[in-house]
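Everything below concerns the one structure shown next.
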Amino acid sequence: MASDLGVKISAELVSAVRNGQPGDQTVARALLAEEMVRLLADSDRTLAWSGNGSPRVVMVVGVNGAGKTTTSAKLAHWLASQGRDCLLGAADTHRPAAQRQLATWAERMGVDIVGGEDGADPAAVARDAWTAAKSRGRQVVIIDTAGRLHAKTHLMSQLEKIKRVLTEVAGKVDEVLLVLDASTGQNGVAQAREFCRRVGVTGVVLTKLDGTARGGVAVAVERRLGMPVKLVGTGEGLSDLAVFDAETFVRALLEDGPR
């Protein structure tokens with residue numbers, strides 16, 4: 001867990017536990033949990049829906065393999081359960097498998113999807129998706145983008161273009177959700193910092209919490225970057241998405257076993 005949290009935050013937690021002068025391991029563990037929850041307590045985890053215009057715009061971004069496409073589908077399903085009609089934009093035009101996967105999810109959910117030809121301009125697909133969502137009266141358009149290494153300048157520039165085009169047609173992008181693999185560790189902080197710098201990330205979706213006892217990167221991202229973890233993915237099913245709950249997360253993180 002220390003490798004996920006980073007040296008500075010780990011040291012802060014150790015100091016706080018020592019200051020509590022625990023009499024045994026059980027008390028020390030309780031103090032640690034209390035301090036970790038405190039670190040996560042003040043973040044605003046609500047999804048931002050500003051103004052009365054429609055459709056709202058959500059961009060889903062992240063590195064390869066983090067689970068963006070599945071998260072996009074889960075998010076559409078989750079919002080639909082709240083009575084929000086969604087449209088999915090398949091802007092990962094360089095990976096046909098991603099478009100097919102998203103189309104399969106969309107068909108299963110009965111949700112509209114707009115994609116493009118292989119190799120098409122992702123920003124154009126994003127624009128077409130928003131236009132379709134508006135003309136069809138959808139409340140939310142979710143744009144699934146291609147995975148990209150945060151250190152690859154040209155790929156990050158492409159992501160900036162997608163956001164710029166969406167801002168031009170929609171007025172603003174309501175949410176830019178960064179999908180982070182829970183087992184990423186400290187590299188997740190570097191990812192989050194660069195994505196935030198380039199496209200203004202508004203929140204994190206922490207994925208793959210079902211298969212790892214790690215996930216301390218959530219604490220590190222919030223503490224060091226002020227970037228709230230808004231949602232968590234706990235499985236591959238459409239319903240395996242939930243609002244991040246600090247107490248539940250910390251309890252699972254300290255159990256030393258898979259969630």
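In the chain, what percentage of the DSSP-assigned beta bridges are antiparallel, given to the nearest 5?
Working: 3 of 28 bridges.
Beta bridges within the chain, antiparallel portion: roughly 10 percent.
Mean-square fluctuations from a GNM of the chain, with a 10 angstrom spring cutoff on Cα atoms, peak among Leu102, Leu47, Leu87 at Leu47.
Summary value for region 1-133: 17 percent relative contact order, contacts being C-alpha pairs under 8 angstrom separated by 6+ residues.
Accessible area of the chain with a 1.4 Å probe: how many percent of it is carbon plus sulfur?
Values: 5560 of 11570 Å².
Heavy-atom surface of the chain belonging to carbon and sulfur, 1.4 Å probe: 48 percent.
When both region 52-107 and region 115-192 are represented by their alpha-carbon centers, they are found 10 Å apart.
Based on DSSP loop calls and a cut-off of at most 10 other Cβ atoms within 10 Å, the longest stretch of the chain free of exposed GluC sites (Glu not before Pro) is what? Before the final figure, lay out the partial values.
Details: sites that count: Glu117, Glu255.
Result, exposed sites excluded: 118-254.
So what is the calculated 222 nm ellipticity per residue for the chain, using -39500 (n - 2.57) for each DSSP H run with n of 4 or more, over all residues, to the nearest 500 deg cm²/dmol?
Numbers: 10 runs with 122 residues, N = 259.
After summing the helix terms and dividing by the residues of the chain, the value is -14500 deg cm²/dmol.
What does the net charge come to around Thr167 if you take all other residues with beta carbon closer than 15 Å to its beta carbon, with K and R at +1 and D and E at -1? Walk me through the numbers before you get to the answer.
On the way: positive: Arg56, Arg127, Lys134, Lys161, Lys163, Arg164, Lys172, Arg198; negative: Glu160, Glu168, Asp174, Glu175.
Summing Lys/Arg as +1 and Asp/Glu as -1 gives +4.
Give the residues of region 75-94 whose amide nitrogen is closer than 14 Å to a point set 7 Å from the Cα of Ser54 in the direction of its Cβ. Answer for region 75-94: 80, 82-87.
The slack between Val243 and Glu12, meaning 0.36 nm per residue of separation minus the straight C-alpha distance, is 80.5 nm.
Over region 50-207, what is the mean sequence separation of C-alpha contacts under 8 Å (at least six apart), divided by residue count, expressed as relative contact order in percent?
On the way: 314 pairs, mean separation 52.2, N = 158.
Relative contact order of region 50-207: 33 percent.
Comparing Asp24, Asp112, Asp144 in a Gaussian network model of the chain, where Cα atoms under 10 Å apart are tied by springs, the biggest mean-square fluctuation is seen for Asp24.
Pick out, in residue order, every one of the trypsin sites (Lys or Arg not before Pro) in region 85-185 that is DSSP loop and has at most 16 other C-beta atoms within 10 Å; say none if there are none.
Numbers: sites: Arg100, Arg108, Arg127, Lys134, Arg136, Arg138, Arg148, Lys152, Lys161, Lys163, Arg164, Lys172; in loops: Arg136, Arg138, Arg148, Lys152, Lys172.
Listed in order of number, the matching sites are Arg136, Lys152, Lys172.
The values are calculated or read from the model by the stated rules, or taken from the named source; none is laboratory data. The structure displayed is predicted, hence computed values, not measured ones. So basically every Cβ, Gly included, is an ideal-geometry build from the backbone, and we count neighbours across all protein chains shown. SASA here: full protein model, heavy atoms, side chains in, ligands and nucleic acids out. Shrake-Rupley method; radii C 1.70, N 1.55, O 1.52, S 1.80 Å.
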